[in-house]
Structure formats: C-alpha cells, structure tokens
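Take a look at the structure set out below.
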Amino acid sequence: MKITIMTFNIHHGKGIDKRLDLERIADIIAKSDADIIGLNEVDKHFSKRSGYQDQINFLAERLRMNHAFSPSLSKPSKDAPTERQYGNGLLTRFPIITVKNHLLSFGPKFHEGRSVLETVVQIGKKRLFIFVTHLSLNPLFHRKQTDFIIERMKQLDEPVIVLGDWNMNPNSRGWTRMAEKLGDSWNQAGAGQGFTYPSQRPRKRLDYIFASPCLHIVNTEVINLNPQASDHLPVKSVMIL
C-alpha cells in the first residue's frame, strides 16, 4: 500500500510576512495530498500570538482528519478556560489507535520544553508507529533527546516513522545515530540538498522523515507551494508499506 508522509514546522501559523494565517497551512497540507502529517510549533490556547486558538483541532476539522497532540510546554491561563499549550501535532486520514506524550525535559526549567508525540495508526491490517518531535538546539540536550527516542524505538517490533524538526545537519552525530536505525527518506529518494530553512531562501536541512528499513521510499521532495506561510518548508515522502 502506498502512503504519503509529510513533516511541517508551521511556526504557530505565523508566516514570514508576520501574518497569522492557518488557512495557508491547511491549503498546503490539502494540496500535498498527504495521508500522515507531523506538525511542529503548534499552539493550543497558547497566547495572543495565535488568538488562543486550538490549532490542531482547527486543522483537523478543516482537513477532515484525525488528530493527536503532545504539549512540550503547558502553562495555566488567566485568559482561557484551559491550559496554554505548545508542542507537536499529528494529522492523519487513518484511525489513531494509541497516543502517548513523552516529555524530553532533560535541561533546566528555563530551557524551552521539548516532547515527542508517539502514536499508533491503523492502516488496513497493519499498524504503524508514528513519532513527531522537535529537538533542542543545545547539543547536550539534543543528544539526550535522541538517545530517548532511539531507546524507545528499540522496544518496538513494528514499522516506525519519525517526523520533525531535528535542528541538526545531515551527517552530524545525531543524524548518524538515527540513520543507523532508520532510513533518511531524503537520502533514499530525494534530489538535491533538501534544504527547508529559512523558507524563502533555504540553506539548511533541519526537517526529516526517518522510516524503518521495511518501508520502501518511492519519492521525497521539499514542498514549495507557499514559502511565506511559515519559516520552514515542509517535506513529503511517498512510501510503500
């Protein structure tokens, strides 16, 4: 079965033109025809910067998809009836069987919170583990966060896809450790350098799709439909399950 996977850091819907517009994000996802989408920098009633909106719920309703969310940061709010949260999200056409949130808080409290969203989706008779994460810029915390994800994957005996903004370069230490376990979809089926950041004149590859060796990668590409919509460009892979 052929499935399409996407990873997209949406910058809480705020484009490089400083305009908050989730409709642009939804339009890019819809036109990509992706079946499973991992999202980074998603706000959920977080602050005025995103109008206290539940962004993952908005996108799920707009695109008619199932969704899951993992807060990397949670704070009480005086302006909203629920907690202010910020983190990672998942959208998918397939049923979501399980959802787990792992906090990756290995550093001092003043460092930005990080997490990994772990889900299982049901695709026909097969189950697929999907991890969505956004790792730290700090090398020490990045290594510990990578260690956690690798150790968690070792406990699984079903196919895994890991999506997200890893804040690392190809062939770095973190990339090498991940690539020993899972295939980098860009290396397997992408053409060119795969730069995703900054969106208008990209010169870094920060956004990755890693997949179990049993998943055959057919094609991987950077989506450049609307570079103003976020400060990152999304990456899309087509693979055979």
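Considering only segment 155-164, state which residues are at pLDDT 95 or above and either surrounded by fewer than 24 Cβ atoms within 10 Å (Cβ to Cβ) or among the hydroxyl-bearing types (Ser, Thr, Tyr) (or both). Steps first, please.
Initial filter on segment 155-164 (at pLDDT 95 or above): 155-156, 158-164.
Scanning segment 155-164 gives Gln155, Leu156, Glu158, Pro159, Val160.
Exactly one condition in (1) within 27 Å of Gly113 (Cα to Cα); (2) surrounded by 15 or more Cβ atoms within 10 Å (Cβ to Cβ); (3) free of Cβ contacts under 8 Å to residues at least 40 places away in the same chain; (4) more than 17 Å from the chain's Cα centre (by Cα) is not met by Lys144; state its number.
Only one criterion in (1) within 27 Å of Gly113 (Cα to Cα); (2) surrounded by 15 or more Cβ atoms within 10 Å (Cβ to Cβ); (3) free of Cβ contacts under 8 Å to residues at least 40 places away in the same chain; (4) more than 17 Å from the chain's Cα centre (by Cα) is unmet by Lys144, namely (3).
Only one residue in Gly38, Gly113 is in a strand (DSSP E or B) and not aromatic (Phe, Trp, Tyr). Which one? Outline the logic, then answer.
Values: Gly113 fails: in a strand (DSSP E or B).
That would be Gly38, the only listed residue that is in a strand (DSSP E or B) and not aromatic (Phe, Trp, Tyr).
Which residue out of Met6, Met1 is touching a Gly at 6+ places or on another chain (Cβ under 9 Å), under 22 Å from Ala211 (Cβ atoms) and surrounded by fewer than 20 Cβ atoms within 10 Å (Cβ to Cβ)? Outline the logic, then answer.
Working: Met6 fails: surrounded by fewer than 20 Cβ atoms within 10 Å (Cβ to Cβ).
Only one candidate passes the filter, namely Met1.
In segment 59-92, how many residues are part of a loop (DSSP other than H, G, I, E, B) and hydrophobic (A, V, I, L, M, F, W, C)? Give the steps one after another, and end with the answer.
Of all residues in segment 59-92, those part of a loop (DSSP other than H, G, I, E, B) come to 64-65, 76-83.
Imposing the further condition that a residue be hydrophobic (A, V, I, L, M, F, W, C) reduces the set to 65, 80.
Summing the residues that are part of a loop (DSSP other than H, G, I, E, B) and hydrophobic (A, V, I, L, M, F, W, C) in segment 59-92 gives 2.
Tell me yes or no: at least one residue of segment 228-235 is farther than 12 Å from Ile161 by Cα, in contact (Cβ under 8 Å) with a residue 40 or more places away in the chain, over 17 Å from the mean Cα position of the chain (by Cα) and surrounded by fewer than 16 Cβ atoms within 10 Å (Cβ to Cβ).
yes
Can you confirm whether Ile56 is under 19 Å from His232 (Cα atoms), of a type in the set (A, V, I, L, M), touching a Pro at 6+ places or on another chain (Cβ under 7 Å) and not in a strand (DSSP E or B)? Full working, then the answer.
On the way: under 19 Å from His232 (Cα atoms): yes; of a type in the set (A, V, I, L, M): yes; touching a Pro at 6+ places or on another chain (Cβ under 7 Å): no; not in a strand (DSSP E or B): yes.
In short, no.
Does Asn101 meet the test of being under 21 Å from His11 (Cα atoms), touching a Phe, Trp or Tyr at 6+ places or on another chain (Cβ under 9 Å), surrounded by fewer than 21 Cβ atoms within 10 Å (Cβ to Cβ) and free of Cβ contacts under 8 Å to residues at least 60 places away in the same chain?
For Asn101, the condition - under 21 Å from His11 (Cα atoms), touching a Phe, Trp or Tyr at 6+ places or on another chain (Cβ under 9 Å), surrounded by fewer than 21 Cβ atoms within 10 Å (Cβ to Cβ) and free of Cβ contacts under 8 Å to residues at least 60 places away in the same chain - is met.
Go through segment 199-227 and report how many residues are of a type in the set (A, V, I, L, M, F, W, C) and without any contact (Cβ under 8 Å) to a residue 40 or more places away in the chain. Quick ask: steps written out before the conclusion?
At the first step, the residues of segment 199-227 found to be of a type in the set (A, V, I, L, M, F, W, C) are 206, 209-211, 214-215, 217-218, 222-223, 225.
Then drop every residue that is not without any contact (Cβ under 8 Å) to a residue 40 or more places away in the chain, which leaves 217, 222.
Residues flagged as of a type in the set (A, V, I, L, M, F, W, C) and without any contact (Cβ under 8 Å) to a residue 40 or more places away in the chain within segment 199-227 amount to 2.
Looking at segment 1-35 only, could you name the residues that are over 19 Å from Val222 (Cα atoms) and either assigned to a loop (DSSP other than H, G, I, E, B) or of a type in the set (Val, Ile, Thr) (or both)? Spell out the reasoning first.
Filtering segment 1-35 down to residues over 19 Å from Val222 (Cα atoms) leaves 1, 12, 14, 17-23.
Across segment 1-35, the qualifying residues are Met1, Asp17, Lys18, Arg19, Asp21.
I'm checking my understanding of the structure. Among residues of segment 197-223 that are within 14 Å of the chain's Cα centre (by Cα) and of a type in the set (Phe, Trp, Tyr), which one is farthest from Phe131 (Cα to Cα)?
Selected residue: Tyr208.
Taking segment 170-216 on its own, how many of its residues are among the polar types (S, T, N, Q), farther than 17 Å from Phe8 by Cα and either touching a helix residue (DSSP H, G or I) at 6+ places or on another chain (Cβ under 7 Å) or not in a loop (DSSP other than H, G, I, E, B) (or both)?
Of the residues in segment 170-216, 3 are among the polar types (S, T, N, Q), farther than 17 Å from Phe8 by Cα and either touching a helix residue (DSSP H, G or I) at 6+ places or on another chain (Cβ under 7 Å) or not in a loop (DSSP other than H, G, I, E, B) (or both).
Could you say whether any residue in segment 123-135 is touching a Pro at 6+ places or on another chain (Cβ under 8 Å), buried (at least 16 other Cβ atoms within 10 Å of the Cβ) and over 19 Å from Pro159 (Cα atoms)?
No: zero hits.
Looking at segment 125-159, which of its residues are over 19 Å from Phe8 (Cβ atoms) and in a strand (DSSP E or B)?
Listed by number, the residues that qualify are Lys126, Arg127, Phe129.
The values are calculated or read from the model by the stated rules, or taken from the named source; none is laboratory data. These numbers come from a predicted model, not from an experiment. FYI the Cβ positions are ideal-geometry reconstructions off the backbone, even for glycines, and counts take in every protein chain you see.
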